[in-house]
Amino acid sequence: ASSGKVPGNAFQVVPEDLVEGIPLSQSAKVFVYEVDDYAPLQKLAAGPSFCRENQWGFEVLLHDWFLACPCRTDNPEEADFFFVPHYTACHLNVESFSEEESTKLFENLVGKLQFFNRTGGQDHIFVWGSGMGADGPFRSWRNYISKSLFLMTETELWNPYEDLNVSSYTPWKDIVLPGRLTLKEIAGSHSLSTIPIEDRPFLAEFVGWWRPLHKAQGYDNSPRGAILNWAGVSKGEKDRKEMESDGLFIKQDVPYSQAYTGSTHARFCLVPRGKSAWSSRFFRVMFAGCVPVLLNDYYEPPFESFLNVPDWLIKWPMRRVDEGLLEFLASLKPEVVEKMVERLNRDRCWYLWPPSALDFEQLDLQKGKLDGPCPNWRTQNAYFGVMSLLNKKRRKSKTSFSTFYLPVGSTGRPYFVNENLTSVMR
């Protein structure tokens, strides 16, 4: 790209752009439900201008993407998928409404979605943008949309929900998404990541808060607790901690700028499980020039179906965060670490959400702030990653266990009905 000055739609893509060899115009066709047509959506998808400017902003960005995408269709007969827009991760985190209110809105909505019943919702897409997964916004989802396709950041359990021990993520059905990083975060890390691996003063770093494991996993043996203990035991788990010695940069309750300092001065960036499985830290450190070390047994990084993640990621058992981990990391030669960083740089931009023409950050895009870390940002990004996986999931037949189909009329076109032989299309 040349400082963002390229033709195309609001996301600067054109119908001929390829998704693994398939033009966007021939990729999976997506029908987008109109917010104004459904009273529950008018509340669930309110405030896009506000909700797009936070780490859950991809809820809005994906809505915009499918509205502007050459893959969009207004013909439900040719649609492979039906996108249901909502921004509940945003609204629940800022308490626009409660989880109970959100659940009631979804329960009221699903029965009204015009094209839901034909496949029992198998071709309907819902986005869940926070560690709560689907359980926070739609606690009763298993009774309504259990077969629908979820695009979500969370693959595991959310600590505050102690009564749940089964994740809302289903590996064979759903798509894992990266969190949203701002261009400022990406450019900031990239600009400071110039120190060669062999010259970095720290073996490993972590800047973050203490968190226990989920109740179902046993509260003990928290990887964050083990890491912070290296910085010294204090009276309380949330006391300020700072350590810059013995090859470690470990801090808690310090200014956010310290996170940039640590990740750009260390060979390895530790990414332990937090309040849930996913963490924006996982994606931020990819632009800092360090090798991420995942300390979370139950997190699945996004897009593993086409990215060879073990090429650049170390995954270590989260209950064995001890001196053995540090000894192993120290044993890796600088040239090995450098090759891992090179492979990481090759893949990391698939986890990027480039801003659209509707976003304030478009100004930074026009200034070329992505051209350094992600020279191919226009077509190597999370939107194209999602489209790649949707292409693999589309089905020609629009059926389910609870729908039946009969030929009608002179052409014998199929007519979809329920067990009472009543049309399933509203």
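The values are calculated or read from the model by the stated rules, or taken from the named source; none is laboratory data. What you see is a predicted model, and the numbers here were worked out from it, not measured in a lab. Glycine gets a Cβ as well: all are built from the backbone with ideal geometry, and neighbour counts include every protein chain shown. Surface areas here come from the heavy atoms of the whole protein model, side chains and all, with no ligands, DNA or RNA. Shrake-Rupley method; radii C 1.70, N 1.55, O 1.52, S 1.80 Å.
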Seminar exercise, completed: Mean projected area (nm²) from the convex hull of Cα positions in the stretch 75-192 is 9.6 nm²
Problem set entry | Structure-based [θ]222 nm, the chain - -39500 (n - 2.57) summed over DSSP H runs of at least 4, per residue, nearest 500 | -7000 deg cm²/dmol
Exercise. Once you charge only the Cβ atoms, +1 for Lys and Arg and -1 for Asp and Glu, what is the size of the charge dipole of the stretch 68-132 about its Cα centre, to the nearest 20 debye?
Worked result: 60 debye
Exercise. How much of the DSSP beta bridge set in the chain is antiparallel, as a percent to the nearest 5?
Worked result: 35 percent
Seminar exercise, completed: Once residue 405 and residue 327 are pulled to full extension, the length gained, defined as 0.36 nm per residue separation minus their Cα-Cα distance, is 21.8 nm
Exercise. Tell me, what ³J(HN,Hα) does each residue in the stretch 138-151 have, in order and in whole Hz, if you take phi through Karplus 6.51 cos²θ - 1.76 cosθ + 1.60 with θ = phi - 60° and put x for Gly and Pro?
Worked result: 9, 4, 9, 4, 5, 8, 10, 10, 5, 9, 6, 8, 9, 9
Seminar exercise, completed: Over its alpha-carbon atoms, the stretch 327-373 yields an Rg and a Dmax in Å of 16.2, 48
Exercise. What is the set of long-range amide H partners of residue 87 at a cut-off below 5 Å, with H atoms built 1.01 Å from backbone N?
Worked result: 45, 46
For this session: Evaluate the distance, in nm, between pseudo-label points positioned 7 Å from the Cα of residue 420 and of residue 254 along their respective Cα→Cβ axes.
Result: 6.5 nm
Seminar exercise, completed: Ranked by GNM mean-square fluctuation in the chain (Cα springs under 10 Å), the top entry among 197, 314, 186 is 314
Seminar exercise, completed: With a Förster distance of 56 angstrom and the Cβ-Cβ distance between residue 203 and residue 112, calculated FRET efficiency to the nearest 0.05 equals 0.50
Problem set entry | Using distinct alpha-carbon pairs, which all enter the 1/r mean, Kirkwood radius of the stretch 183-265 in Å | 14.0 Å
Problem set entry | Space enclosed by the convex hull of the alpha-carbon atoms of the chain, per residue, Å³ | 146 Å³
Exercise. Residue 306 label point, 7 Å along Cα→Cβ, cut-off 19 Å on backbone N: hits in the stretch 136-173?
Worked result: 150-153, 172-173
Exercise. Semi-axes, largest first, in whole Å: what does sqrt of 5 times each Cα gyration tensor eigenvalue give for the stretch 385-426?
Worked result: 27, 13, 8
For this session: Describe numerically, in nm with one decimal, the distance between label points set 7 Å from Cα along Cα→Cβ at residue 392 and at residue 75.
Result: 2.8 nm
Problem set entry | Using a Förster distance of 41 Å, the FRET efficiency for residue 280-residue 36 (Cβ separation, nearest 0.05) | 0.80
Seminar exercise, completed: With label points set 7 Å from each Cα along the Cα-to-Cβ direction at residue 342 and residue 192, the distance between them in nm comes to 2.7 nm
Problem set entry | Formal net charge of residues neighbouring residue 202 (Cβ-Cβ distance under 14 Å; K, R +1; D, E -1) | -3
For this session: Determine, for each peptide in 106-112, 272-278, the mean count of other beta carbons within 10 angstrom over its residues, then list the peptides with the highest first.
Result: 272-278, 106-112
Exercise. Can you give the Kirkwood hydrodynamic radius for the stretch 207-335, in Å, rounded to one decimal and based on Cα pairs?
Worked result: 15.2 Å
Exercise. Of the heavy-atom accessible surface of the chain (probe 1.4 angstrom), what whole percent is carbon and sulfur?
Worked result: 51 percent
Problem set entry | Burial order of peptide ranges 404-413, 60-69 (average beta-carbon count within 10 Å, highest first) | 60-69, 404-413
Seminar exercise, completed: Whole-Hz Karplus couplings 3J(HN,Hα) for the stretch 351-359, θ = phi - 60° and coefficients 6.51, -1.76, 1.60, Gly and Pro as x, run 9, 9, 10, x, x, 8, 5, 7, 9
Seminar exercise, completed: Sorted on mean Cβ neighbours within 10 Å (highest first), peptides 340-349, 381-390 come out as 381-390, 340-349
Seminar exercise, completed: Diffing the stretch 267-272: the Karplus 3J(HN,Hα) column from phi (6.51, -1.76, 1.60, θ = phi - 60°), in whole Hz with x for Gly and Pro, holds 6, 10, 10, 7, 10, x
Seminar exercise, completed: Any residue on another chain or 5+ positions along whose placed amide H is under 5 Å from the amide H of residue 32 is listed here as 73, 83
Exercise. How much area per residue is accessible in the chain when the probe is 1.4 Å and only protein heavy atoms are counted (Å²)?
Worked result: 42 Å²
